[in-house]
Every structure is written in structure tokens, then in C-alpha cells.
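Below is one structure; the comments refer to it alone.
The values are calculated or read from the model by the stated rules, or taken from the named source; none is laboratory data. Just so it is clear, the model here is predicted, and its values are computed rather than measured. Note: ideal-geometry Cβ built from the backbone for every residue, glycine included; neighbour counts use all protein chains shown. Quick note on the areas: whole protein, heavy atoms, side chains included, nothing else; ligands and nucleic acids left out. Shrake-Rupley method; radii C 1.70, N 1.55, O 1.52, S 1.80 Å.
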Amino acid sequence: QVQLVESGGGLVQPGGSLRLSCVSSGIIFRMYAMGWYRQAPGKERELVATITRGGSTNYADSVKGRFTISRDNAKNTVYLQMNSLKPEDTAVYYCNTSSLGTNYWGQGTQVTVST
């Protein structure tokens, strides 16, 4: 079955950086678009960034210029490099893909930006 496993979250001060990773299994990774979403307490889950199988990227306006999504097909892994982090980036970050109309999610990784 499809599995997505995120890692790399943690506590960071404002202005700091983190890199999230998501390792996938159960799919032919290079054939799938991948995405990162986040959900803050009391808010709906929102799109952060996506990357197509060809490497084209798309970002939410709130993270443009600060976050970078990338993929390594040899490692079945998608990354989210987050720079210049702000308190409002605090959320659980989820990896996502879809196959045959079904959405798949990882368990999430907590990112907390605070002094």
C-alpha cells in the first residue's frame, strides 16, 4: 500500500530554517506529483507547495521566496526547504500524493516557530 513518512520538523526560532523530508513507498514515485500541506490549530489544512513529476513547482503566496520544494526520484523522497521561518508558519506539515482518485497523507510532522 501507499505510505508517506515525514520527518524533519521541530522547534526553531523566527528567521531560522528547517528541511522536511517525505519518503514514499508503494508507488512508482517518479510518476507522481507530490505536495506539502499544513494545518495550524483551529484552521483548515492548506496547500503549501506542489511539484509535478516533471519538476514544475507551485507555492502558496504566503511562502513564496522562503520555501523550496524539491524531489529526489532515486530516493523516493520529496523535500521542503523552509527558510526565514515566521511564527505563522507553525503547523503540522503533511506530505500528499494522489493515485486513481485517492488522496494519500503522511502522519505529519510538527513545525513550531517560536522564541
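Below is a table of values for the structure above.
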quantity	calculated
The range 46-115, accessible surface, carbon-and-sulfur percent (1.4 angstrom probe)	44
Per residue value of the accessible surface for the chain (all protein chains in place, 1.4 Å probe), Å²	54
Local electrostatic count at residue 83 - Lys and Arg +1, Asp and Glu -1, tallied over other residues with Cβ under 14 Å	+3
For residue 63, residues with placed amide H under 5 Å, excluding near neighbours	none
From phi via Karplus (6.51, -1.76, 1.60), per-residue ³J(HN,Hα) for the range 58-64 in Hz, x at Gly/Pro	8, 9, 5, 4, 5, 10, 4
Viscosity 1.567 mPa s, temperature 4 °C, Stokes-Einstein D of the range 21-78 from Kirkwood C-alpha radius, µm²/s	106
Label point at residue 7 placed 7 Å out along Cα→Cβ; residues across the range 20-48 whose backbone nitrogen lies under 15 Å	20-25
Mean shadow area of the chain over all directions, Cα convex hull, nm²	6.8
Mean separation of Cα contacts under 8 Å, 6 or more apart, over the residue count of the chain: relative contact order %	36
